[in-house]
Amino acid sequence: MRVLGIETSCDETGIALYDSERGLLADTLYSQIGLHQPYGGVVPELASRDHIRKTLPLVREVLTQAGVERVDGVAYTAGPGLIGALMVGACLGRSLAYAWNVPAVAVHHMEAHLLAPMLEENPPAVPFVALLVSGGHTQLVRVDGIGCYTLLGESIDDAAGEAFDKCAKMLGLPYPGGPEVARLAEAGRETIAFPRPMLNRAGLDFSFSGLKTAVLTAIRERSQQAPLSDQDAADVAASFQAAVVETLVTKCRRALAQTGLKRLVMAGGVSANRRLRAELEATLAADGATVYYARPALCTDNGAMIAYAGCQRLLAGEQEPLPITVRARWPLESLPAAEPLTSVTLHG
């Protein structure tokens, strides 16, 4: 089955074609970073308009790259995300499916992130624990199959990726801030004792709002007499990153211990952070566990993960009726169960 995937949940237009037997046939991504950079964040109306401009040309580009004139299904992101941006991809995806007389399926954005490591050469077997860590989500989920999700813990306030972005703004770094904080941290020293939120409490929930406040306080203290020096800024970035990484790693260890599982999947934009990857790999290896994640290009929003997730849903017999529904918020655990991951082709 060949499935066209359309991703327009925020500020990146991702289009891809996935074949259940041959794997990923074509994949392209258009980023709106330059459009939103002057505003220091995503402007929803501008994002929607730019998706309108780019989606159909990128669909043509992907079909040309793959040398394909016909697909067997269309998958589009239906949430969570920015409503206007979601509507662009959903309307186009459902319309193409109708015109081509093929089934369409609405994909949950975070389920697609969770399944992105399945596109790699050595995908994990179920069951496993997933850490979904991005600008909008920080969750620990037990995964027993597609649609078989048990929420173990989540952030009670800000997501880890949002905390990275806010820290970048405080330091005067350009948008998008998360990668900039990580780069600056490489030159820094972990000299500031930032709090590790909720590590002294039982359970698997997260909190990052207090850490943001601590970062702001540290910046103000160091810039009272003179502007923040480059070294001070790097030290703040390094200390902040260390606090977030330790918090995430500790909670992941707890989740694996609680479930008795030895496989962890890390997905979402923050999963591309090199310090987080290194710490998780080393710590879990010492515990006899393994961490899986997608290549960096598939950690951020992309069409490949939508095409793959949609393919699995279509293979299980799902399809959308003509009415289009998108959701700004959409609990992952509310999704219907489908076929187990082990019963379908995971990669070509």
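The values are calculated or read from the model by the stated rules, or taken from the named source; none is laboratory data. In this text the structure is predicted, and so the values were computed from the model without any measurement. As a convention, Cβ positions derive from the backbone with ideal geometry for all residues, glycine included, and neighbour counts pool all protein chains shown. Ligands, DNA and RNA are excluded from the accessible area calculation, which covers all protein heavy atoms including side chains. Shrake-Rupley method; radii C 1.70, N 1.55, O 1.52, S 1.80 Å.
Per-structure values
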{"item": "Dipole-positive endmost among Val126, Thr217, Gly41 within the chain (Cβ charges, Cα centre)", "result": "Thr217"}
{"item": "Simple Cβ-charge dipole of the chain, Lys/Arg +1 and Asp/Glu -1, about Cα centre, in debye nearest 20", "result": "280"}
{"item": "Net lengthening on full extension, Arg60/Ser31 (0.36 nm per residue, minus Cα-Cα)", "result": "8.7 nm"}
{"item": "For region 35-42, 3J(HN,Hα) per residue [Karplus equation, 6.51 cos²θ - 1.76 cosθ + 1.60, θ = phi - 60°, Hz, x = Gly/Pro]", "result": "5, 8, 3, x, 9, x, x, 6"}
{"item": "Selection from Val249, Ala304, Val71, by position along the positive dipole direction of the chain (Cβ)", "result": "Val249"}
{"item": "Karplus 3J(HN,Hα) series, Hz, for region 73-87 with 6.51 cos²θ - 1.76 cosθ + 1.60 (x for Gly, Pro)", "result": "x, 10, 10, 9, 6, 10, x, x, x, 7, 4, x, 5, 4, 4"}
{"item": "Top positive-direction residue, dipole computed over the chain with Cβ charges, set Ala272, Val141, Ala26", "result": "Val141"}
{"item": "Within the chain, percent of DSSP bridges classed antiparallel, to nearest 5", "result": "60"}
{"item": "Loop GluC sites (Glu not before Pro), region 36-120, which have at most 10 other Cβ atoms in a 10 Å radius of their Cβ (DSSP)", "result": "Glu69"}
{"item": "Residues in region 243-259 reached by a label modelled at Glu221 [backbone nitrogen below 18 Å; 7 Å Cα→Cβ]", "result": "243-244"}
{"item": "Value of relative contact order over the chain, rounded to a whole percent, pairs C-alpha under 8 Å and six or more apart", "result": "27"}
{"item": "Relative contact order of region 1-120, pairs being alpha-carbon contacts under 8 Å that are 6 or more residues apart, as %", "result": "29"}
{"item": "Relative contact order for region 118-172, counting Cα pairs under 8 Å that sit 6 or more residues apart, in percent", "result": "29"}
{"item": "Under the Karplus curve 6.51 cos²θ - 1.76 cosθ + 1.60, θ = phi - 60°, whole-Hz ³J(HN,Hα) for region 207-218, x wherever Gly or Pro sits", "result": "7, 10, 5, x, 5, 4, 5, 5, 5, 4, 4, 5"}
{"item": "Whole-number accessible area per residue in Å² for region 147-236, which is evaluated in the context of all protein chains at 1.4 Å", "result": "51"}
